[in-house]
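Participant: Take this structure first; my questions come after.
The values are calculated or read from the model by the stated rules, or taken from the named source; none is laboratory data. Being a predicted model, the structure only gives us computed values, none of them experimental. So basically every Cβ, Gly included, is an ideal-geometry build from the backbone, and we count neighbours across all protein chains shown. Heads up: the accessible areas ignore ligands, DNA and RNA and are worked out on the full protein's heavy atoms, side chains in. Shrake-Rupley method; radii C 1.70, N 1.55, O 1.52, S 1.80 Å.
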Amino acid sequence: MPRPWGTTEAPSRARVILLGACHGDPRGYRRTAEILQALNPDVVAVEVSPFALWFRRHHRRFLMDRLRRSIAVASRRLGIPPAQAYGHPRVRRLFIQIAPPYEWRAARAHRAAFGTPCYPVDSSTFSRALISHWPELLSPDNVTVLLSLPSDETPSADAEYRRAAWTLSMGRSLPFSPPASHAAPLFEEREPHLETQVRAILRALKPARLVYLGGWEHLLPGASSPSLAQRLRDLQPTRLLLDGTVAGAVDE
């Protein structure tokens, strides 16, 4: 069963560590910074694509302006104060989504402090498919719908980590949920792409310890095809959650 870990346990000795995150974790940056310092990896592979980083960097102002305009329109439609709209958990998640991921920002800060290289390893093709839905996601109509939903309906990050720990302990798989049916094949292609990137880093740099930092779903058994954790099984990776829970080996 999953358990908390300490720096003297096996995770600190493993060559490959798969670190599962909840992408909407409001404490994610601090948690990532602390766990990277504790693990002291030689290299960090981050689940973000070069295209996603480029797009956010070059279009951040436009995206922020669009979201703010949509919030203003939605607030007027619903007759609620803008401050209340900005405080809605689902709207806050939109701001998180269009910002550079905390996983990447924390990995870069760790690189600046300790010299540990970090690389974006996700598929740019996959990112393009997801980002193509952002105009709809940031539209006044969608923001209006989100503001109409109960603010307490979104589970907390702690609840998400508990769900992840339970799911991993049970060895369950989760079905992919692509944003559109035409994007489903990209979900199937994503895991082998991530595997290729991780193995390429291992071959090129030969690190004593590599940390892969990405969504906790990649630590699960695959639904219709092997997950990243299964694809790297020969490397005997240790699976951790960002809240400090040890999930163990793939079949532990």
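Participant: Sort the following peptides by mean Cβ neighbour count (other Cβ atoms within 10 Å, averaged over residues), highest first: 35-48, 193-206.
Facilitator: Ranked by mean Cβ neighbours within 10 Å, highest first: 35-48, 193-206.
Participant: Something else about it: How long is region 43-105 along each principal axis, judged by its Cα atoms, biggest number first, in Å?
Facilitator: 49, 21, 11
Participant: Shifting gears a bit: Ratio of region 33-156's C-alpha Rg to 2.2 N^0.38 Å, to two decimals?
Facilitator: 1.24
Participant: Using modelled backbone amide H atoms (1.01 Å from N, in-plane), which distant-in-sequence or interchain residues come within less than 5 Å of residue 43's amide H?
Facilitator: Long-range HN contacts for residue 43: 209, 211.
Participant: With the other protein chains left in place, how much accessible area per residue, in square angstrom, belongs to region 1-153 at a 1.4 angstrom probe?
Facilitator: 51
Participant: Kindly write out, for region 89-104 in residue order, the coupling ³J(HN,Hα) from the Karplus curve 6.51 cos²θ - 1.76 cosθ + 1.60 (θ = phi - 60°), rounded to whole Hz, with x marking Gly and Pro.
Facilitator: Result, ordered by residue: x, 6, 6, 4, 5, 5, 5, 5, 5, 8, 8, x, x, 4, 4, 6 Hz.
Participant: Counting every Cα pair in region 97-171, what percent are over 18 Å apart?
Facilitator: 68
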